[in-house]
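First comes the structure, then the notes that go with it.
The values are calculated or read from the model by the stated rules, or taken from the named source; none is laboratory data. The shown structure was predicted, so the numbers you read here are calculated from the model rather than taken from an experiment. Heads up, the Cβs are rebuilt from the backbone with ideal geometry, glycines too, and the neighbour counts pull from every protein chain shown. Keep in mind that these areas ignore ligands, DNA and RNA; they rest on the heavy atoms of the full protein, side chains included. Shrake-Rupley method; radii C 1.70, N 1.55, O 1.52, S 1.80 Å.
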Amino acid sequence: MRLFFSNRKPADHLEETKESVLWRSFSTIISQVGDFDCFLQESCEIIHDLDSYDLIWLGLWEDEKKILIPRAIASSSPQYDQVPLLSVNNLHSLLTPEREALLKAQPVLASVSQMKKKNREWAELLSQLGLQTVVCFPLVYQQKIYGLINLYSSEEKKFHDNEFSVLAGVADLLAFKIHAHQEESERKRLELEVELQAQKLRKTMEMTIQALAVTIEMRDPYTAGHQRRVAQLASRIAQEMRLEEEQILNVRLAGIIHDIGKIYIPVEILTKPGRLNDYEISMIRSHPRFGFDIIKETDLPKKIGDIIIQHHERMDGSGYPLGLAGEEIHLESRILSVADVVEAMSSHRPYRPALGLEAALEEINQHKEFLFDPDVVDICLDLFAEQKFCWTREETISSLTN
């Protein structure tokens with residue numbers, strides 16, 4: 001069963017010994033053959049091409065099933081497919097050379113004629129196929145058995161010390177490669193599991209955000225619409241600034257519920273058409289802290305609450321509720337504050353008509369550096385100047401979080 005063919009010349013055409021050719025060939029494929037199954041198959045092919053073995057097969061040990069599973073085979077005749085490759089099982093009562101090599105974790109060299117006393121059925125089958133000798137090398141790395149490579153010959157084969165030593169070294173090399181492959185596979189499995197868990201947590205977080213946003217919308221549709229549009233602009237600014245994916249997500253999610261603290265403020269104050277008194281102003285200015293307190297009681301990341309509580313802070317320290325200035329304010333909050341002002345001035349409110357986008361952009365441009373982050377302002381102005389952004393007012397909360 002030849003799956004791969006080689007252009008290597010027979011060993012007797014080379015000046016090198018077959019042992020040195022064998023070792024050099026393995027040193028090459030262990031670094032150059034990327035596909036794991038191809039590597040196993042090529043390993044069997046190399047040994048088969050360079051020596052007088054009629055059948056070579058390599059099996060990997062599955063500890064849970066307690067069975068050796070064939071993964072590669074090289075043979076000189078289809079008749080050798082009848083060799084019982086799956087006979088190595090801990091439940092099997094008869095001792096074969098393969099099973100003995102696994103149990104002892106040591107190479108086993110056996111003559112078929114000598115094995116008739118221990119396992120007549122096994123020995124007679126090999127005799128009928130014309131095989132006389134088998135040598136089994138366990139693939140052991142750091143005291144763990146990873147599998148077995150079995151070499152069968154139609155001759156009564158004898159080994160000199162160097163040949164046997166080289167084959168044992170090749171088995172060690174195979175064991176290391178298999179160990180490395182399994183470690184890498186396990187690492188990828190764990191990474192995938194972590195990613196799936198992260199996606200699950202993210203979905204839970206987004207569902208929580210949506211539930212909070214719906215709560216606001218039921219109470220004050222003007223606030224809800226404002227938040228969705230702020231989230232659109234803020235996340236677009238964050239993307240243009242090439243923030244990391246997690247930062248962009250946090251800006252978007254915080255934007256969707258940045259005014260959630262207003263659920264503690266009477267609607268009469270939020271929609272009051274006239275001038276607010278000092279008490280009413282203090283209530284309005286409390287909403288970032290109220291929002292932070294609400295987020296604190298959920299499973300949402302603390303960063304979402306931090307962005308919300310800071311979205312009315314200003315670069316010169318004149319904002320509220322913490323009086324932070326400059327880079328004391330999270331970049332995400334600085335982005336959100338610009339988007340918040342632009343949307344609020346551009347849109348209609350129950351207590352005043354829309355002031356318009358042009359007036360909103362003029363406002364942030366005049367007060368950049370003093371009130372607003374100049375880099376954020378410049379990006380925002382560029383988005384509208386080059387028509388890279390427009391609000392999609394029909395966009396749903398669900399689409400914003402995807």
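Here are the numbers:
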quantity	calculated
Residues satisfying the stated conditions in segment 297-309, i.e. more than 12 Å from P321 (Cβ to Cβ) and either crowded, with 24+ Cβ neighbours inside 10 Å or modelled with pLDDT of 90 or more (or both)	K302, K303, I304, G305, D306, I307
Residue pairs meeting the criteria (Cβ under 7 Å; at least 6 apart or on separate chains; first within 21 Å of K262 (Cα to Cα), in segment 193-217; second open to solvent by 80 Å² or more (accessible area, probe 1.4 Å))	T208/D299
Failed condition for Q199, given (1) surrounded by 17 or more Cβ atoms within 10 Å (Cβ to Cβ); (2) over 21 Å from I46 (Cα atoms)	(1)
Residue match in segment 174-186 (condition: touching a Ser or Thr at 6+ places or on another chain (Cβ under 8 Å), in a helix (DSSP H, G or I) and more than 23 Å from I335 (Cα to Cα))	yes
Yes/no for I145 being of a type in the set (A, V, I, L, M), surrounded by fewer than 22 Cβ atoms within 10 Å (Cβ to Cβ) and modelled with pLDDT of 90 or more	yes
Segment 245-291, residues that are of a type in the set (D, E) and over 16 Å from L336 (Cβ atoms)	E245, E268, D278, E280
Selected residue (only one of F384, F389 is over 24 Å from K262 (Cβ atoms), modelled with pLDDT under 90, open to solvent by less than 60 Å² (accessible area, probe 1.4 Å) and under 40 Å from the mean Cα position of the chain (by Cα))	F389
Residues (surrounded by 15 or more Cβ atoms within 10 Å (Cβ to Cβ), modelled with pLDDT of 70 or more and aliphatic (A, V, I, L, M)) located in segment 84-101	A101
Any pair with Cβ under 6 angstrom, 6 or more apart, that starts in segment 60-75 at a residue that is hydroxyl-bearing (S, T, Y) and ends at one that is open to solvent by less than 30 Å² (accessible area, probe 1.4 Å) and in a strand (DSSP E or B)	S75/L55
Residue that is modelled with the lowest pLDDT, among those in segment 14-65 that are aliphatic (A, V, I, L, M) and assigned to a loop (DSSP other than H, G, I, E, B)	L14
Any pair with Cβ under 7 angstrom, 6 or more apart, that starts in segment 303-325 at a residue that is more than 24 Å from I209 (Cβ to Cβ) and assigned to a loop (DSSP other than H, G, I, E, B) and ends at one that is of a type in the set (F, W, Y) and modelled with pLDDT of 95 or more	M315/F372
Tally, over segment 277-302, of residues that are over 33 Å from the mean Cα position of the chain (by Cα) and either in contact (Cβ under 8 Å) with a residue 24 or more places away in the chain or assigned to a helix (DSSP H, G or I) (or both)	15
Counted residues, segment 329-381 - those being surrounded by fewer than 19 Cβ atoms within 10 Å (Cβ to Cβ) and among the aliphatic types (A, V, I, L, M)	7
Selection count, segment 219-258, where residues are over 30 Å from the mean Cα position of the chain (by Cα) and farther than 16 Å from S346 by Cβ	5
Positions within segment 310-319 being open to solvent by 20 Å² or more (accessible area, probe 1.4 Å), within 18 Å of I335 (Cβ to Cβ) and of a type outside the set (A, V, I, L, M), in sequence order	H312, R314, D316
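Yes/no per residue for (1) over 21 Å from D306 (Cβ atoms); (2) modelled with pLDDT under 95; (3) surrounded by 14 or more Cβ atoms within 10 Å (Cβ to Cβ); (4) not hydrophobic (A, V, I, L, M, F, W, C):
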{"position": "A234", "(1), (2), (3), (4)": "no, no, yes, no"}
{"position": "I237", "(1), (2), (3), (4)": "no, no, yes, no"}
{"position": "L249", "(1), (2), (3), (4)": "no, yes, yes, no"}
{"position": "L253", "(1), (2), (3), (4)": "no, yes, yes, no"}
{"position": "I256", "(1), (2), (3), (4)": "no, yes, yes, no"}
{"position": "E268", "(1), (2), (3), (4)": "yes, yes, no, yes"}
{"position": "K272", "(1), (2), (3), (4)": "yes, yes, yes, yes"}
{"position": "L276", "(1), (2), (3), (4)": "yes, yes, no, no"}
